[in-house]
C-alpha cells in the first residue's frame, strides 16, 4: 500500500528558527535521510503558503484566489510518498520526520490503488 505523508509545519516555524546552524543542518540531514529510506519513492518541500493559488470552478468560470484555501496555523510544507506493508510502518516513518517533534504534524493517508 502507498501512503502520502503530508508534513504540516507551524506557519511561523519559530522552533526551527531558534536552532543553531549546526542543529538546522542536522534536521535537514534527517529529512534527506528519510528521502533515501527504503520504500520512499518521492517527496518534496513546498514553497511557502503565500505562494499558493487556489482554483475553483463556479458556473463554468474558473476563479482563482491568491494564497491557500484554509486559514490554519499549520500549513502543508512538503510530503513523502511511501510504499509500506501497513499503516504501522507508515506511522513509524512519519514519527521520524523532524516537523513532528518541532511543533508540526504529519498526516498519513493511504492512496487509492487502481
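Just so you know, all these numbers are worked out from the coordinates, no wet-lab data involved. Every value quoted in this text rests on a predicted model; they were computed, and no experiment measured them. Using ideal geometry, Cβ is built from the backbone for each residue, glycine included, and neighbour counts are taken over all protein chains shown.
Check 102, 93, 76 and return the single one that is closer than 27 Å to residue 2 by Cβ and assigned to a loop (DSSP other than H, G, I, E, B). First the steps, then the outcome.
On the way: 93 fails: assigned to a loop (DSSP other than H, G, I, E, B); 76 fails: assigned to a loop (DSSP other than H, G, I, E, B).
Just a single option satisfies the conditions, and that option is 102.
Taking residue 57 as the residue in question, decide whether it is surrounded by fewer than 10 Cβ atoms within 10 Å (Cβ to Cβ) and either over 13 Å from the mean Cα position of the chain (by Cα) or more than 20 Å from residue 16 (Cβ to Cβ) (or both). If you could, list the steps in order and put the result at the bottom.
Values: surrounded by fewer than 10 Cβ atoms within 10 Å (Cβ to Cβ): yes; either over 13 Å from the mean Cα position of the chain (by Cα) or more than 20 Å from residue 16 (Cβ to Cβ) (or both): yes.
It is true that residue 57 is surrounded by fewer than 10 Cβ atoms within 10 Å (Cβ to Cβ) and either over 13 Å from the mean Cα position of the chain (by Cα) or more than 20 Å from residue 16 (Cβ to Cβ) (or both).
All but one of (1) exposed (fewer than 11 other Cβ atoms within 10 Å of the Cβ); (2) free of Cβ contacts under 8 Å to residues at least 24 places away in the same chain; (3) farther than 23 Å from residue 101 by Cβ hold for residue 18; state the number of the condition that does not hold.
With (1) exposed (fewer than 11 other Cβ atoms within 10 Å of the Cβ); (2) free of Cβ contacts under 8 Å to residues at least 24 places away in the same chain; (3) farther than 23 Å from residue 101 by Cβ applied to residue 18, the lone miss is (3).
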